[in-house]
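A short write-up of the structure that comes next.
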Amino acid sequence: MLNQRRVFSATPYFDDESIIGIVDEIKVILKSGMLADGPQVKNFEAEFAKYTQTEHAVAVNSGTAALEIMLRYFGVEGKEVIVPTNTFVATPTSVLFCGGTPVFADIKAETLCIDPEDVKRKLNSKTAGVIAVHIAGLICPEINELRELCHNNGLFLIEDAAHAHGAVIDQKKAGNLCDGGAFSFYPTKVMTTGQGGMITTNNPELALVAQKMRDHGLDPDRIMVMLGDNWCMSEVTAIIGKYQLANLDEFVKKRNEIAKRYDHSLAKSQHISLFQTPDNIRHSYYKYPLRLNGIDKNKIAFILKNDFGIDTGSIYYPPCHLHPWYMSNLHTRKGDLPISEDVLKEVLCLPIHLGITDKTADYVVDSLNTCISRVSDEK
Ligand SMILES: Cc1ncc(COP(=O)(O)O)c(C=O)c1O
């Protein structure tokens with residue numbers, strides 16, 4: 001590496017006040033001995049429901065668990081669930097773990113989100129529902145169309161909101177747009193608890209089932225009434241979540257400022273296409289994707305890291321249907337989902353998190369421009 005400077009593509013953020021508050025509250029629960037099943041999880045759930053404007057929030061120990069619980073509630077065994085191929089593998093694997101089959105749909109090149117037209121093409125008598133992923137933090141702009149489509153066909157629609165904490169469309173928060181929302185609190189996410197997840201819903205029955213299913217299927221009298229697992233969140237995790245949630249709007253605002261700075265600096269580059277955010281959407285900018293026009297993304301990513309110390313990401317390459325496991329087991333093939341395959345291999349994500357100052361953002365842009373000139377001169 002020529003340059004020792006290091007810019008991570010994602011990193012969690014805790015201000016000093018939050019760290020002091022978290023440590024103090026953890027001390028109290030360590031002394032109380034109530035590390036699970038205490039008031040902190042309930043409090044975090046209430047705060048999260050209030051934030052997302054949903055009637056219920058049920059805390060779990062990962063975003064994957066949130067998806068799996070909802071899929072088990074809706075019942076997907078022996079059925080198909082349509083998911084975008086552009087997502088983290090956890091989205092389709094959660095369907096498989098519930099005994100269903102994920103059917104991959106293509107995306108729209110302008111948004112990187114699932115294409116409702118392809119969803120329509122994939123509907124059949126075995127379809128149980130659809131999972132829409134708010135990719136990179138952009139709420140699927142066609143979420144209302146998807147909801148209507150699912151409603152008219154008797155299907156459930158789940159929001160995979162793992163990227164979209166604090167994202168808004170038409171004044172409604174991510175997680176409050178469909179039958180249920182699944183959030184992840186993994187450390188790279190817009191807010192984190194280390195590991196953790198949340199289900200949001202306005203369906204009281206789903207909320208009740210989720211509360212039992214996450215705790216071995218036990219009801220409040222500790223009688224097993226359904227098949228469940230250990231998907232509970234700990235009290236320590238909930239404390240961390242509470243402090244992160246209190247800062248979420250600030251995090252999203254800062255991410256939007258960084259994105260705007262990148263947009264402004266890169267707008268004129270002939271080698272880059274930027275993604276637009278519709279006016280009715282507040283993006284959460286979990287990631288800042290851009291598309292490189294005819295320039296080898298892997299070379300750019302390699303030089304950025306090696307010569308400039310800048311980590312980048314992809315979202316997502318390979319798309320799920322081109323992962324070897326899916327190719328072998330679901331018999332997906334290259335060419336199945338042409339838009340995803342064409343676009344995603346050119347999509348690079350620039351670092352975006354609370355540690356990116358204006359100076360760092362400018363360094364990222366200058367370094368990217370230098371890499372692009374170098375790689376295009378080689379041609
Ligand atoms: C789109 C998407 N769905 C689901 C998940 C799963 O969340 P978790 O890692 O908390 O299980 C992730 C996590 O990275 C994700 O990015």
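The values are calculated or read from the model by the stated rules, or taken from the named source; none is laboratory data. In this text, all values refer to a predicted model and were calculated from it rather than measured experimentally. Every residue, glycine as well, gets a Cβ built from its backbone with ideal geometry; the counts of neighbours run over all protein chains shown.
Under 9 Å by Cβ, and 6 or more places apart or on different chains, what pairs join a residue from the range 198-211 that is closer than 10 Å to Ala49 by Cβ with one that is assigned to a helix (DSSP H, G or I) and of a type outside the set (A, V, I, L, M)? From the range 198-211, the pairs are Met198/Phe44; Met198/Glu45; Met198/Phe48; Met198/Thr52; Met198/Gly63; Met198/Gly241; Thr200/Phe48; Thr200/Thr52.
Of the residues making up the range 143-176, just one is within 13 Å of the ligand (Cβ to nearest atom) and either among the β-branched types (Val, Ile, Thr) or over 27 Å from Glu47 (Cβ atoms) (or both), namely Ile158. With respect to the conditions (1) in contact (Cβ under 8 Å) with a residue 12 or more places away in the chain; (2) assigned to a helix (DSSP H, G or I), Lys253 falls short on a single one, namely (1).
Among the residues of the range 36-83, write down those that are away from the ligand (no atom under 14 Å from the Cβ), at pLDDT 95 or above and among the acidic types (Asp, Glu).
Within the range 36-83, the subset away from the ligand (no atom under 14 Å from the Cβ) is 36-58, 72-80, 82.
Keeping just the survivors that are at pLDDT 95 or above gives 39-58, 72-80, 82.
Hits for the range 36-83 are Glu45, Glu47, Glu55, Glu77, Glu80.
Show me the strands (runs of 3 or more DSSP E) entirely contained within the range 58-151 in which 3 or more residues are in contact (Cβ under 8 Å) with a residue 40 or more places away in the chain and under 26 Å from Val252 (Cα atoms).
Values: elements: 80-84, 101-105, 127-133.
Strands (runs of 3 or more DSSP E) meeting the threshold: 127-133.
Counting only helices (runs of 4 or more DSSP H) that sit completely within the range 264-379, those holding 3 or more residues that are surrounded by 18 or more Cβ atoms within 10 Å (Cβ to Cβ) correspond to 297-308, 338-344, 358-378.
Test Ile281 against the stated conditions and say whether it is hydrophobic (A, V, I, L, M, F, W, C), out of contact with any Phe, Trp or Tyr (no Cβ under 6 Å at 6 or more places or on another chain) and closer than 17 Å to His163 by Cβ.
Against the criterion (hydrophobic (A, V, I, L, M, F, W, C), out of contact with any Phe, Trp or Tyr (no Cβ under 6 Å at 6 or more places or on another chain) and closer than 17 Å to His163 by Cβ), Ile281 qualifies.
Could you please let me know if His271 is outside the structural domain of Ile139 (by TED's automatic domain parsing), within 20 Å of Ala174 (Cβ to Cβ) and either in contact with a Phe, Trp or Tyr (Cβ under 7 Å, 6 or more places away or on another chain) or not β-branched (Val, Ile, Thr) (or both)? First the steps, then the outcome.
On the way: outside the structural domain of Ile139 (by TED's automatic domain parsing): yes; within 20 Å of Ala174 (Cβ to Cβ): no; either in contact with a Phe, Trp or Tyr (Cβ under 7 Å, 6 or more places away or on another chain) or not β-branched (Val, Ile, Thr) (or both): yes.
Here the answer is no, as His271 does not meet what is asked.
Scan the range 293-308 and give yes if some residue there is β-branched (Val, Ile, Thr) and in contact with a strand residue (DSSP E or B) (Cβ under 8 Å, 6 or more places away or on another chain), otherwise no. Checked the range 293-308: at least one residue is β-branched (Val, Ile, Thr) and in contact with a strand residue (DSSP E or B) (Cβ under 8 Å, 6 or more places away or on another chain).
Somewhere in the range 238-261, is a residue β-branched (Val, Ile, Thr) and in the same structural domain as Phe156 (by TED's automatic domain parsing)? Yes, because at least one residue in the range 238-261 is β-branched (Val, Ile, Thr) and in the same structural domain as Phe156 (by TED's automatic domain parsing). The set of residues in the range 189-208 being within 29 Å of Leu138 (Cα to Cα) and away from the ligand (no atom under 15 Å from the Cβ) consists of Thr201, Asn202, Asn203, Pro204, Glu205, Leu206, Ala207.
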